[in-house]
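> Structure incoming, see below.
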Amino acid sequence: MAAIKRFFQKRKLNVTFKRAGDGHRLSEESRPTPRTVTREPVQSVPRQETSREAQKAAEAALLRTQGQNTRKSAAVSQRAKMKQEMEAELRQQEQTIAAGEAARAGPAKVELDSAPVLSHILYTCPDIGPAVLPKNEIYNYIEEFLLKQIGEEPEMTSALMIHTLNKDKEKVGICIETLVKILGNIIANPGEEKYRKIRLTTKAFTEKIDPLKGSNEFLQAAGFHIVSQLVNGTEENFYVMDEVIAQDSERLTGLKEVLLAAEPIKPQLDRDLKVYHPSQQASKFDIPNEFYNVNPEEIKKEHQRRQEAVEKLGMLRTKAMRERDELRELRKYRFTLIRVRMTDGMLLQGTFKAQEKVSALFSFVRENLATDWIPFQLLSVGQKLDEDNTFAEAGLVPAVVVTFTLDQTLVADLKAQQGAGAGSAILKPEIMTLVATL
């Protein structure tokens, strides 16, 4: 133990020398004479035992130092790995920012004979007509259709109006629940006038029924009509149902079922099908702002936050934090523009929702093939696309070119069976009439 004590005494002395500062010699007279340490003679055997103890202590200290170095090395590796991940995220953010700024700047100039750029997300509603319109216009189109139908089928149409023309689903549910309760009371008590009257100034009517489109039309279709009555000397309006109409419980029960079973008329995203000649511009896209859930300014803020994290390298992201970032990334886009390069170089283009399954792309391609039963694959960066992933999960947002491939053995067999001309036409003839120059 004496050797260990001398070791620490010597170490302390060295520290004292280091703290003395620069510009002084230890031999100068103004410097106090350093304290010397005298070594007492020891016997040879105890000296050997003490040396073994000192050696063990040194070995232990060396192991501790190596352990610290290993931990330091692991920490450095972890920091380097984290830096690489964050730099990769920064590169992706920069690409997103560039796309967002391009979208905000508007579509690029095109030659007069080239195809028009994508300017709007279009919707259609095949159940009511062939119109293909932007989102705000398609909802106006649906409302106009329902108003035209109200005279022919008032009960069903008014129920559809309540479900379709009101955006707040919670308020729609409250309205339907209130109307069903009114009809239920009449069915149970057709002879009692109080159940066949609705005062238009009550809170229940002004808050739960009247504000919703289609609700007044439904009440009138059910058999209510507005009458004025004196209440405490003041004239007020009421919806009133005649007792004769109230006695038809079967009809009123059917109205309840119609109201509960009706579903909203929803517009569908139009694929906005386009076909282009082979072009070196296939990878250049003009993306409208509608494609993004966030605007370019928000993307820039996210980019700045990531850059600060890389510079500081002080925020070690947990698994939960990474998952939140991944989820935020998946929700960044609303739509995606896909171009499919066919085997003959033609480009088939369609628009999809970012959260749709990739299987929708396979269906889109198949329905436009001249031979729709033939097996095919779609590749992105040389990798086969998984139909079960969403476009966002597969990284196919906000725009991408994928490659259409066929089994060449199968193509050869078809040609052998049907002649040399078999399989030469990839897309349907009516689709080829739409071809344009990109």
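> Give the calculated FRET efficiency between N293 and E144 to the nearest 0.05, with a Förster radius of 35 Å applied to their Cβ-Cβ distance.
0.75
> Now, a different point. Through the Karplus equation 6.51 cos²θ - 1.76 cosθ + 1.60, θ set to phi - 60°, convert the phi angles of segment 246-252 into ³J(HN,Hα) values in whole Hz; use x for Gly and Pro.
For segment 246-252, the Karplus-derived couplings read 5, 6, 7, 5, 5, 5, 5 Hz, x marking Gly and Pro.
> Which order, highest average first, do 430-437, 214-221 follow once you tally other Cβ atoms within 10 Å for each residue and take the mean per peptide?
Packing order, densest peptide first, comes out as 214-221, 430-437.
> Multiply the residue separation of V240 and N185 by 0.36 nm, subtract the distance between their alpha-carbon atoms, and state the gained length in nm to one decimal.
18.4 nm is the gain from fully extending V240 to N185.
> Run the numbers for K266 and V435: contour at 0.36 nm per residue of separation, minus the present Cα-Cα distance, in nm.
Length difference between fully extended and current span is 57.8 nm.
> Going by Cα centres, segment 368-385 and segment 146-223 are how many Å apart?
50 Å
> Using 0.36 nm per residue, how much length does the chain from D388 to K203 gain when fully extended, once their Cα-Cα distance is taken away?
61.7 nm
> Further question on the same structure: Note down the relative contact order for segment 161-298 as a percent, whole number, built from C-alpha pairs under 8 angstrom at least six residues apart.
Rounded, it is 28 percent for segment 161-298.
> For F335, list long-range residues whose amide hydrogen, built 1.01 Å from N in the peptide plane, is under 5 Å from its own amide hydrogen.
Answer set, sorted by chain and number: A354.
Coordinate-derived values only; no laboratory data. Computed from a prediction, not measured in an experiment: that's the story for all the values here. Here the Cβ is made from the backbone with ideal geometry for all residues, glycine too, and neighbour counts use every protein chain on show.
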